[in-house]
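Okay, so here's the structure we're looking at.
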Amino acid sequence: MTDAAFQPEPAAPATRRSVAPSWSKRALDLVITVPLLVLLSPVLLVIAVAIKVNSRGPVLFKQSRIGLGEQPFLMYKFRSMFVHAPADDSALRKAFHDELAGVAQPENDSFKLANDPRVTRVGAILRATSLDEITQLFNVVKGEMSLVGPRPALDWEHDAFAPRYKRRIDVLPGITGLWQVSGRSHLSTPEMLDLDLEYVDRRSIWLDIQILVRTIPTVLRGDGAR
């Protein structure tokens with residue numbers, strides 16, 4: 001499985017195209033997201049204050065990700081790192097490419113640092129509880145993301161994927177998905193990518209509902225969260 005994630009493959013058929021979300025999927029996203037943002041507004045405020053008190057810098061972290069049809073967009077997160085933390089990610093990129101090529105395996109199930117010194121005290125709590133991701137609900141309202149779908153990749157991650165995995169961008173990226181409820185950080189990157197493709201092939205409103213229901217206990221348990 002790991003070799004296939006990086007080996008050159010024939011180009012995807014020219015007839016492949018991105019698929020706009022159905023009205024029912026968009027309706028499901030909005031019916032859940034808008035009331036949820038209203039209910040969570042006190043929590044969002046508390047988190048924002050905690051971030052400002054704990055370290056200097058903006059409350060939100062905005063990062064360019066690859067969305068539907070390979071269109072970039074700014075994904076929102078609560079800031080979990082110090083503003084002037086070292087930004088050199090060359091080691092992470094090399095480890096990522098090595099894993100895709102099948103020549104290395106991550107330690108502790110993830111290439112993410114278990115005790116990253118760049119992460120603030122509040123940030124560590126946000127990451128452990130996945131609360132740093134909650135601001136992506138605004139991306140859902142804007143139509144840039146869906147509640148359920150493949151996680152949006154960074155541009156260099158997307159470029160490293162084998163051609164067959166480019167089908168991930170045929171649908172809207174999501175906050176949660178199949179691999180998030182199937183092991184999260186305990187899965188290898190190729191396993192996550194395979195589950196993303198499985199979602200693309202099986203996608204339906206019923207599958208979205210099942211994934212959303214399974215996401216709740218997964219997040220509460222902190223399964224694989226870092």
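Read the figures in this text as sums done on the coordinates, not as results from a lab. Keep in mind the model is a prediction, meaning the values are calculated, not measured. Cβ atoms come from the backbone with ideal geometry, glycine included; neighbour counts cover every protein chain shown.
Figures for the structure shown
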read-out	value
Part-to-part distance (alpha-carbon centres) for segment 29-62 and segment 152-219, which is given in Å	24 Å
Interchain or long-range residues, amide H under 5 Å from Leu60's placed H	Arg79
Phi-based couplings in Hz for segment 58-70 (Karplus 6.51, -1.76, 1.60; Gly and Pro marked x)	x, 6, 9, 10, 10, 9, 6, 10, 8, x, 4, x, 6
Isotropically averaged projected area of segment 16-77, using the convex hull of Cα atoms (one quarter of hull area), nm²	5.6 nm²
Ranked packing of 135-145, 91-101, 38-48, most packed first, by mean Cβ within 10 Å	135-145, 91-101, 38-48
Net charge, Ile205 excluded, C-beta distance under 12 Å - Lys, Arg +1, Asp, Glu -1	+2
All lysines inside 28 Å of Lys94 as judged from Cα atoms, apart from same-chain residues fewer than 8 positions distant	Lys62, Lys77, Lys112, Lys166
Cα-based convex hull volume of segment 117-188 per residue, rounded to whole Å³	126 Å³
Scattering profile of segment 20-220 at q = 0.13, 0.17, 0.18 Å⁻¹ [log10 I(q)/I(0), Debye over alpha-carbon scatterers]	-0.75, -1.34, -1.49
Asp89/Trp206 FRET efficiency (R0 35 Å; Cβ-Cβ; nearest 0.05)	0.35
